[in-house]
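**Q** Structure below; questions to follow.
The values are calculated or read from the model by the stated rules, or taken from the named source; none is laboratory data. The model shown is predicted, which means the values in this text are computed figures rather than measured ones. Every residue, glycine among them, receives a Cβ derived from its backbone with ideal geometry; neighbour counts consider all protein chains shown. These accessible areas exclude ligands, DNA and RNA; they are computed on the full protein's heavy atoms, side chains included. Shrake-Rupley method; radii C 1.70, N 1.55, O 1.52, S 1.80 Å.
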Amino acid sequence: MAERTVENHGHGEHPSYLQHHFDTAEQQFTSGKLGMWLFLATEVLLFAGLFCAYAVYRGSHPEIFIYAHHFLDKNLGALNTVILLSSSLTMAWAVRAAQLDQRKLSAALLALTLLGGCGFLSVKYVEYSHKIRDGLLWGTKYAPAHGAHGATAPGHEAAGQAAHQAPAPVVDPHAAEAQAAVAATRPGAIGPDGVPVPRTFAPDPVVQSQAAALDLPASLSVEPSLIKIAPAGPEGVVQPETIKDSLIRDPAAAPKNVHIFFGIYYLMTGLHGIHVVLGMGAIAWVLRKTVRGEFGSAYYTPVDLVGLYWHLVDLIWIFLFPLLYLIH
Amino acid sequence: MSTSETLTGSRPLRAPGAGHESDNYLNHSKGILSWIFTLDHKRIGVLYLVSILSSFFVAGMLAMLIRTELLFPGRQLVSPDAYNQLFTLHGAIMIFLFIIPGIPAALGNFVLPLMLGAKDVAFPRLNLLSWWLWLSGAFLAVVSILLGSVDTGWTFYTPYSTTTSTAVVSMVSGVFILGFSSIFTGLNFIVTIHKLRPKGMTWFRMPLMLWALYATALIQVLATPVLGITLLLLIMERVMGIGIFDSRLGGDPVLFQHFFWFYSHPAVYIMILPAMGVISELISVFSRKHIFGYRFIAFSSVAIAAFGFLVWGHHMFTSGQSDLITVIFSALTFSVSIPSAIKVFNWLATMYKGRIQLDTPMVYALSFIVLFSIGGLTGLFLGALATDVHLHDTYFVVAHFHYVMFGGTVIAFLGGLHYWWPKMTGRMYNESLGRVAALLIFLGFNVTFFTQFVMGSHGMPRRYFDYLPQFTIYHQISTLGSYLMAIGFFLCGAYLVHSLYRGEAAPANPWGANSLEWHTPSPPPHDNFEHTPEAGDPYDFTDWTYDPAIRGYVAKSRTSH
Amino acid sequence: MASHASHDHASGHVVPLWLLFAVLGVLLALTWMTVAATWFDLGKLNIYVAMVIAGVKATLVALYFMHLRWDRPFNGLVLLVSLILLVLFLGFAMRDGKAYDPSRIPGYAPGIQRAP
């Protein structure tokens, strides 16, 4: 081996956490930070694709989003937001504690953060299981359950009950009859024998008649504003709220391709959920090392970097919540 | 000292000034595990080099098959479906396994810390992980081939890729993993260049190779994740039937193209920027003249990276993109040629009144300038909407991108490989054979691909298994050229491998360059430098004089080793 | 951990504890605001209001929880550049999507409807 000169550091001076190719702990720390920020940039761009899909589809089919988001429980979404924000606090505090040599406090806070992650995942589990039970899945698997026990009316999850009430239409009964007759033939609707009508690609008669009444070219979707002037309805001005509510409670009046919303919903929250799990794994790893006393004021880099990752997971949720749950 | 007969005559096997056998990075530790688990950036560079050259060989053989199939109209060797698989695999392997890792991973990994006078990259374990991810991606690609391969074209366009029964998921998963390999390499390089520069090496005293690698790394980090999500969505579409790209379910197939090209256009700048970095080094060193317009070249590298993000729609002019967006992308496409042109002017100005030395690396560098210029200029025909409508999906496009990717990147890669070969291996290759091979490759390349410009402008579509009789002569000329090229490559491989066993020992600085990697023995010791070098102007060659005894350059200011 | 020579200390501004709690308080308040905003229908502005509030929350998390306020500016620049690219990507894709979907704007893109 070539003889080392004084310019190259002798091994004895280096603390164990300082890697040989770095000159100082400061250099190693700031390098690690920059590396983590670059990695976070890649995560932002990974989710960018999903936000793009969301934006494009919501832009071209707002009615799908407006209709379908009612199936999400705002309260659970808000709860998850609060959980993640609080866990961000405990995480930032844990980093602070590590910086100040408060080992036990740091460990406790990391454990609390983990708990927050578990809470988040539990809420998501509840949400997902409700949707799966109700048949609100993606793509061709979208088959919303109807009838007494299959609740698709919004707000039932807020009520948190297993028993559901049959939806009550508020429009003119004749219109409801006419709509029901047409609706019975719509893809996805439950036919008289209880089997869903198979999906076909024939033009939608309800949409076509509405479009014709408004003198528009046959289009693929219905703008929500058009619903206010539905040809078959009670006379006089009808409050928009009522119509919208009735439409939602009446599954036959759902816009086409509602599954697009759910596809995007599962993709976004699913990928986010995977990142929550990965973040929790990283926190658990750092927790273990904290308990073993490997971090302190001289070296707390891994805690800091894992913290940054966890905050990113929170950041993404901050945008997911209003975009998915609070559309109006 | 022992002597031996080599191709160039009797030469000492151990020249003074060369690295001693006992203490360089190659023999620092022994055994295959010491390589597979190495944290040494130089070894990782060598591992990558072997990996990507193997991929290049496989994909090159596929190309030979394709060209042979196209010798005559109708079926010669393979069925139409198999032909589709051939060009898909050729493209996917060349792009994701060879050229994207390419210069950064194989040459950059080796050279970057040395140029910085550093001991390693910022994150050596991440570097190793990058290579393991490359292997995993390659493994999945092999799995895909065994499961029936893919025939979608390397672009995986929907709706075919979501509905075909071929092994799309395994191939796309492999590419997904390769994407992370690329991201981690880029991340590593950015942090290394920011943090591990020595005292005295400001941003504008770095070798231009590092500016090029830095700009490349920026693209790798920012663009590749979008490919990741695209491929993930494709997999979800196939496996779970989400319907996001399926028009029957209200989805949009063209959205896939937006997603795909948002990465894949910047990706071509990942391919060309490091190549340009190599050329900046070669032109200056082999003209024995300071690089002209250093800041222009440095800024143009970053400009190319930035502009590269703005032009992805030019791959979609005929896909049903809106008129407004199409025009915007066309205009932006013209602007991206400007920084590239600036570089070419600066290289030419560097050569002007220099003392040109036509060593093999310089032959490649000069080839690059010619071929890249042709490739770049033909891009203008494709960027202009009126002509693109006729040229899209013809052989004109195929010729264009081969001129820039092959005539550009691969030629520069070969130049860099020959330039740094003595440093990496401690051996000199046979110079005469080097020039012969370079000439064969240059000639063969032009015969192969210039013909395709003509063919394409006459309407011959790309990715076609069969063709009309009037195109036969063009295909035959093109195929002949490819055989010529192949001979050149085999010759190159032969003398390089030969040099490993019987090559003359290389001096520390065979070319008289001044960047820091030449201030350490060939091959370098495990820790790169015995004495941490002082950062100077990397293009100031005045300190070095040629010493015939060692067939290399020695520094006037320092006593001999 | 035992203390080392000063030059070996990792640099670190320590964030005051009260500040962390204050930021959380503001974040929770903003969350409530986001939900409350859904009680008012502002038409096209709805999405912008929601995104602005989310943007403020994100900025607070980035500046205070993620320490960017006291960190090297380049780290913040990295995040900013990734966001700019996100906006670029979404912008172009949305603009394009708007243009070739014939059902989106009645009477638009007559060429598509006249296709044989």
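**Q** With respect to C:ILE112, determine if the residue is part of a helix (DSSP H, G or I), on the phi < 0 side of the Ramachandran plot and at pLDDT below 85.
**A** yes
**Q** Would you point out which residue out of B:ALA508, B:ALA513 is crowded, with 20+ Cβ neighbours inside 10 Å, in contact with an Asp or Glu (Cβ under 9 Å, 6 or more places away or on another chain) and either of a type in the set (A, V, I, L, M) or closer than 30 Å to B:VAL398 by Cβ (or both)? Step through it out loud before you land on a result.
**A** Working: B:ALA508 fails: in contact with an Asp or Glu (Cβ under 9 Å, 6 or more places away or on another chain).
Just one listed residue meets the conditions, B:ALA513.
**Q** C:ASP41 is checked against (1) of a type outside the set (Phe, Trp, Tyr); (2) outside any helix (DSSP H, G or I); (3) at the interface with chain A (Cβ under 9 Å from one of its Cβ atoms); (4) open to solvent by less than 70 Å² (accessible area, probe 1.4 Å) and fails just one. What number does that condition carry?
**A** (4) is the only condition that C:ASP41 fails.
This table checks each residue for (1) at the interface with chain B (Cβ under 10 Å from one of its Cβ atoms); (2) among the hydrophobic types (A, V, I, L, M, F, W, C); (3) open to solvent by 10 Å² or more (accessible area, probe 1.4 Å); (4) more than 26 Å from A:GLY119 (Cβ to Cβ).
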position	(1), (2), (3), (4)
A:LEU40	no, yes, no, no
A:GLU43	yes, no, yes, no
A:ILE64	yes, yes, no, yes
A:TYR67	no, no, yes, yes
A:LEU76	no, yes, yes, no
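**Q** Out of region B:188-213, which residues are open to solvent by 10 Å² or more (accessible area, probe 1.4 Å), in contact (Cβ under 8 Å) with a residue 40 or more places away in the chain and at the interface with chain A (Cβ under 9 Å from one of its Cβ atoms)?
**A** B:LYS195, B:LEU196
A quick yes/no check of all residues on (1) hydroxyl-bearing (Ser, Thr, Tyr); (2) buried (at least 24 other Cβ atoms within 10 Å of the Cβ); (3) out of contact with any Leu (no Cβ under 9 Å at 6 or more places or on another chain):
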| site | (1), (2), (3) |
| --- | --- |
| B:HIS258 | no, yes, yes |
| B:PRO266 | no, yes, no |
| B:ILE270 | no, yes, yes |
| B:SER280 | yes, yes, no |
| B:SER301 | yes, yes, no |
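**Q** Right, here's the next one. For the condition surrounded by fewer than 19 Cβ atoms within 10 Å (Cβ to Cβ), of a type in the set (Lys, Arg) and modelled with pLDDT of 95 or more, what is the one hit in B:ARG125, B:ARG75?
**A** None of the other options fit; the residue is B:ARG125.
**Q** To continue, here is another question. If you check every pair at least six apart or on different chains, which have Cβ atoms under 7 Å apart with a residue in region B:214-240 that is more than 10 Å from chain A (Cβ to nearest Cβ) and more than 17 Å from A:HIS275 (Cβ to Cβ) first and a residue that is hydrophobic (A, V, I, L, M, F, W, C) and outside any helix (DSSP H, G or I) second?
**A** Note: pairs meeting the criteria are B:LEU234/B:PHE156.
**Q** Looking at region B:317-335, can you tell me whether even one residue there is within 22 Å of the chain's Cα centre (by Cα) and open to solvent by less than 10 Å² (accessible area, probe 1.4 Å)?
**A** Checking region B:317-335: not a single residue is within 22 Å of the chain's Cα centre (by Cα) and open to solvent by less than 10 Å² (accessible area, probe 1.4 Å).
**Q** Of the residues C:LEU79, C:LEU28, which is in a helix (DSSP H, G or I), within 14 Å of chain B (Cβ to nearest Cβ), surrounded by 12 or more Cβ atoms within 10 Å (Cβ to Cβ) and out of contact with any His (no Cβ under 9 Å at 6 or more places or on another chain)? It would help to see each step written out before you state the result.
**A** Numbers: C:LEU28 fails: within 14 Å of chain B (Cβ to nearest Cβ).
The unique qualifying residue is C:LEU79.
**Q** Here is a follow-up. Within region A:102-144, take every residue that is among the charged types (D, E, K, R) and surrounded by fewer than 16 Cβ atoms within 10 Å (Cβ to Cβ) and give me the one that is nearest to the chain's Cα centre (by Cα).
**A** By that ranking, first place goes to A:ARG133.
**Q** Pairs needed: first member in region B:422-444, within 18 Å of B:GLN357 (Cβ to Cβ); second member anywhere, open to solvent by 40 Å² or more (accessible area, probe 1.4 Å) and at pLDDT below 95; C-beta distance under 7 Å; at least 6 residues apart or different chains.
**A** Taking only residues 6 or more apart or on different chains, the pairs are B:ASN430/B:LEU7; B:ASN430/B:THR8.
**Q** I need the full set of residues from region A:271-286 which are more than 9 Å from chain B (Cβ to nearest Cβ) and either touching a Phe, Trp or Tyr at 6+ places or on another chain (Cβ under 9 Å) or surrounded by 22 or more Cβ atoms within 10 Å (Cβ to Cβ) (or both), in order please.
**A** Once the filter is applied, which keeps residues that are more than 9 Å from chain B (Cβ to nearest Cβ) and either touching a Phe, Trp or Tyr at 6+ places or on another chain (Cβ under 9 Å) or surrounded by 22 or more Cβ atoms within 10 Å (Cβ to Cβ) (or both), region A:271-286 yields A:HIS272, A:GLY273, A:HIS275, A:VAL276, A:LEU278, A:GLY279, A:MET280, A:ALA282, A:ILE283, A:VAL286.
**Q** Would you call C:LEU63 touching a helix residue (DSSP H, G or I) at 6+ places or on another chain (Cβ under 6 Å), in a helix (DSSP H, G or I) and buried (at least 18 other Cβ atoms within 10 Å of the Cβ)?
**A** Criteria not met by C:LEU63.
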